[in-house]
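Student: My questions all concern the structure below.
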């Protein structure tokens with residue numbers, strides 16, 4: 001063990017040491033002259049369980065009658081300004097809850113914070129505003145408790161007892177990685193293929209060479225053939241595919257960097273979407289995976 005790690009064994013005199021099953025740094029709870037002093041490790045995977053299991057309940061008893069409850073809604077397929085334009089007439093009528101709109105790399109987050117004399121009172125305020133926001137935005141709201149897109153899609157697949165396979169080119173396995181981040185995904189995710197080169201698309205997914213020659217790897221016909229190929233190979237209910245130009249090189253006047261085709265196949269039909277995604281290589285790949293999951297989510301609802 002490096003000597004500097006020994007500092008993690010130091011605790012303040014008379015502090016209660018909080019257990020940390022997820023790391024080595026301890027937490028501490030100190031009751032000093034009626035005030036609570038809490039020290040927690042920095043990494044969220046260590047800090048959150050420690051706070052939830054050993055700190056939150058103690059602080060609740062000191063908080064008096066005020067309760068604060070937060071909720072995060074996630075929105076897909078809309079820009080920040082478009083979301084704000086639709087819901088501002090609703091949320092600006094409230095001083096409580098307070099609404100904050102944030103943009104992350106592929107979606108909009110709506111953060112709601114309500115205060116109440118009881119937790120139920122605060123939750124009721126959030127429910128009222130959430131319902132009004134949902135009326136304005138419709139199916140664009142895909143998460144009401146901060147769930148990720150892959151969690152929402154996974155739950156819908158599991159509830160319907162559907163199976164899914166994916167074929168990826170420019171995303172290089174990112175879509176499969178996101179799906180398998182969700183515990184229990186083996187219930188519905190069957191197989192993923194990264195067919196990066198053209199001959200891999202033909203050899204592994206059965207994409208006709210003539211299709212690649214006529215339309216190019218980044219095209220609607222190839223995206224659809226990839227989805228149909230992996231669905232046939234894996235024998236799944238649904239299949240997604242992604243092919244595109246992630247950059248920074250490789251773009252042309254006809255297909256500039258950020259051109260992406262996604263496709264979805266099931267036993268009824270195969271459909272595709274053409275995307276023109278902004279951003280660097282990382283963002284283009286992430287946004288492509290998000291768009292593919294969103295396409296499947298809308299099919300499932």
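The values are calculated or read from the model by the stated rules, or taken from the named source; none is laboratory data. All figures in this text were calculated on a predicted structure; none of them were measured in a lab. All Cβ positions, glycine included, derive from the backbone under ideal geometry; neighbour counts span all protein chains shown.
Rundown of residues vs (1) more than 20 Å from residue 179 (Cα to Cα); (2) in a helix (DSSP H, G or I); (3) at pLDDT 95 or above, yes/no style:
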{"position": "214", "(1), (2), (3)": "yes, yes, yes"}
{"position": "241", "(1), (2), (3)": "no, no, yes"}
{"position": "247", "(1), (2), (3)": "yes, no, yes"}
{"position": "261", "(1), (2), (3)": "no, no, yes"}
{"position": "264", "(1), (2), (3)": "no, no, yes"}
{"position": "289", "(1), (2), (3)": "no, yes, yes"}
{"position": "294", "(1), (2), (3)": "no, yes, yes"}
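Student: Same structure again: Of the residues 264, 296, 277, 268, only one is without any contact (Cβ under 8 Å) to a residue 12 or more places away in the chain and either in the same structural domain as residue 159 (by TED's automatic domain parsing) or buried (at least 23 other Cβ atoms within 10 Å of the Cβ) (or both); which?
Tutor: 268 is the lone residue from the list that is without any contact (Cβ under 8 Å) to a residue 12 or more places away in the chain and either in the same structural domain as residue 159 (by TED's automatic domain parsing) or buried (at least 23 other Cβ atoms within 10 Å of the Cβ) (or both).
Student: For the range 158-180, which positions are surrounded by fewer than 18 Cβ atoms within 10 Å (Cβ to Cβ), under 30 Å from residue 249 (Cα atoms) and without any contact (Cβ under 8 Å) to a residue 60 or more places away in the chain?
Tutor: 173, 177, 180
Student: Okay, next question. Name the residue, out of 117, 62, 67, that is surrounded by 13 or more Cβ atoms within 10 Å (Cβ to Cβ) and touching a residue at least 24 places away in the same chain (Cβ under 8 Å).
Tutor: Sole residue among the options that is surrounded by 13 or more Cβ atoms within 10 Å (Cβ to Cβ) and touching a residue at least 24 places away in the same chain (Cβ under 8 Å): 67.
Student: Might you check whether a residue that is assigned by TED's automatic domain parsing to the domain that holds residue 137, surrounded by 15 or more Cβ atoms within 10 Å (Cβ to Cβ), farther than 28 Å from residue 119 by Cβ and in contact with a strand residue (DSSP E or B) (Cβ under 8 Å, 6 or more places away or on another chain) occurs anywhere in the range 85-105?
Tutor: no
Student: Assess whether residue 153 counts as being out of contact with any strand residue (DSSP E or B) (no Cβ under 7 Å at 6 or more places or on another chain) and either under 27 Å from residue 245 (Cα atoms) or buried (at least 18 other Cβ atoms within 10 Å of the Cβ) (or both).
Tutor: yes
Student: I need the full set of residues from the range 193-212 which are farther than 25 Å from residue 179 by Cβ and in a loop (DSSP other than H, G, I, E, B), in order please.
Tutor: Of everything in the range 193-212, just one residue is farther than 25 Å from residue 179 by Cβ and in a loop (DSSP other than H, G, I, E, B), namely 208.
Student: Given (1) in contact with a strand residue (DSSP E or B) (Cβ under 8 Å, 6 or more places away or on another chain); (2) under 30 Å from residue 141 (Cβ atoms), where does residue 278 come up short, assuming only one miss?
Tutor: (1)
Student: If a residue must be surrounded by fewer than 18 Cβ atoms within 10 Å (Cβ to Cβ) and either over 14 Å from residue 53 (Cα atoms) or at pLDDT below 90 (or both), how many such residues does the range 17-38 contain?
Tutor: So the count comes out to 10.
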